[in-house]
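Below is one structure, written out as structure tokens; comments come after it.
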Amino acid sequence: MRFNYGPRAAVYLALGLDIAFKQGRGITWAISMLAWMGLGLTVANLAPLAVAKYREQLKLVHWLPEAVAASALIAAAFLNPYGNESRGYNYFVGLVAIWGFANAAINGLNAYLAKSQPQLRRESYVLLSLNLALGVLYLLAPLGAIPAVGFLGAYLMLAGVHLGISAASSGK
């Protein structure tokens with residue numbers, strides 16, 4: 001088990017629930033949710049470093065790429081050049097597609113590096129599949145504004161449940 005799975009699961013589930021119950025607010029609001037997601041994931045990836053007993057067990061390559069990607073997501077969401085709903089839609093769809101493909105690549109790297117840890121490898125492959133599906137969906141499917149935000153919420157819930165189960169597993 002990786003020690004940042006629990007905090008990451010909490011971020012994904014909290015934002016997934018928030019989106020599920022407030023998705024009608026629009027694309028500009030959804031872009032701000034991406035910024036919150038980036039902030040939460042940056043903190044979740046850095047938090048285990050504050051606990052001294054986990055520092056030796058964490059490999060830099062496992063948490064740093066996602067922390068960097070999450071930080072880039074914060075910057076991209078806060079630098080939203082489109083303040084209105086109509087032009088912000090394409091920006092939102094692009095951000096989510098890029099996040100999906102970037103996170104799929106990060107999980108592919110984690111799966112490759114976890115050759116001797118079959119459970120971590122399986123978890124990385126599940127996350128790779130979810131993120132790749134997210135990227136392909138937002139790149140190829142013609143979604144409306146409400147379904148686009150809804151699918152992001154569904155992705156966050158699925159990833160959060162998977163990470164929560166992985167965090168609670170014994171690691172055998």
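We did not get these values from a lab; they are worked out from the coordinates using the rules stated. Values in this document were obtained by computation on a predicted structure and should not be read as measured data. A quick note on method: Cβ atoms are made from the backbone with ideal geometry, for glycine too, and the neighbour counts reach across all protein chains shown.
Across the options Thr28, Val68, Tyr155, the greatest Cα extent toward the positive end of the charge dipole of the stretch 5-167 (unit charges at beta carbon of Lys, Arg, Asp, Glu) belongs to Val68. With the charge dipole of the stretch 5-167 set up from +1 on Lys and Arg Cβ and -1 on Asp and Glu Cβ about the Cα centre, the Cα lying farthest toward the positive end among the listed residues Gly16, Leu137, Gly40 is that of Gly40. Extension gain, Val68 to Ala105: 0.36 nm times the residue separation minus the Cα-Cα distance gives 12.0 nm. Coordinate range of the alpha-carbon atoms in the stretch 5-167 per principal axis, descending: 47, 29, 25 Å.
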